[in-house]
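Asker: One structure coming up, written as structure tokens, with questions to follow.
Bear in mind that the values in this text are calculations on the coordinates, not laboratory data. Note that this is a predicted model, so its numbers are computed, not measured. For neighbour counting, all protein chains shown are included, and Cβ atoms are generated from backbone atoms with ideal geometry for every residue, glycine included.
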Amino acid sequence: MVLRSDWGGIIFTACREIRTCDNALEAELAACREGLELALHRSDLPIIIKMDSVKAVNMLNASRRDRS
């Protein structure tokens, strides 16, 4: 996770192993949630989330909750 300012400067970085995930999608979503929590505690700047997983992005942007 990298928290950057609006001009791209690094404010905060973190990484850790997430051992409780069964697959890459679950790990991506868990990392996003944890990064968002850290960002909310570290900065008052607007937040933009960037992810590599198209499926995770689509899930976060979905207007309805997928309970499958």
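Quick grid of which residues meet (1) assigned to a loop (DSSP other than H, G, I, E, B); (2) surrounded by fewer than 13 Cβ atoms within 10 Å (Cβ to Cβ); (3) touching a Gly at 6+ places or on another chain (Cβ under 8 Å); (4) hydrophobic (A, V, I, L, M, F, W, C):
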{"site": "Asp6", "(1), (2), (3), (4)": "yes, yes, no, no"}
{"site": "Cys15", "(1), (2), (3), (4)": "yes, yes, no, yes"}
{"site": "Asp22", "(1), (2), (3), (4)": "yes, yes, no, no"}
{"site": "Glu26", "(1), (2), (3), (4)": "no, no, no, no"}
{"site": "Ala30", "(1), (2), (3), (4)": "no, no, no, yes"}
{"site": "Glu34", "(1), (2), (3), (4)": "no, no, no, no"}
{"site": "Pro46", "(1), (2), (3), (4)": "yes, yes, no, no"}
{"site": "Asp52", "(1), (2), (3), (4)": "yes, yes, no, no"}
{"site": "Lys55", "(1), (2), (3), (4)": "no, yes, no, no"}
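Every residue, every condition in (1) among the β-branched types (Val, Ile, Thr); (2) touching a helix residue (DSSP H, G or I) at 6+ places or on another chain (Cβ under 8 Å), yes or no:
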residue	(1), (2)
Met1	no, yes
Ser5	no, no
Glu28	no, yes
Leu40	no, no
Ser43	no, no
Ile47	yes, yes
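Asker: Then there is this: Return yes when Ile11 is surrounded by 10 or more Cβ atoms within 10 Å (Cβ to Cβ), out of contact with any Gly (no Cβ under 8 Å at 6 or more places or on another chain) and assigned to a strand (DSSP E or B) and no when it is not.
Answerer: Spelling it out, Ile11 is indeed surrounded by 10 or more Cβ atoms within 10 Å (Cβ to Cβ), out of contact with any Gly (no Cβ under 8 Å at 6 or more places or on another chain) and assigned to a strand (DSSP E or B).
Asker: Residue pairs, Cβ under 8 Å, 6 or more apart or interchain, first in segment 42-62 and farther than 24 Å from Ile10 by Cα, second exposed (fewer than 10 other Cβ atoms within 10 Å of the Cβ). List them.
Answerer: So the pair list comes out as Met59/Asp66.
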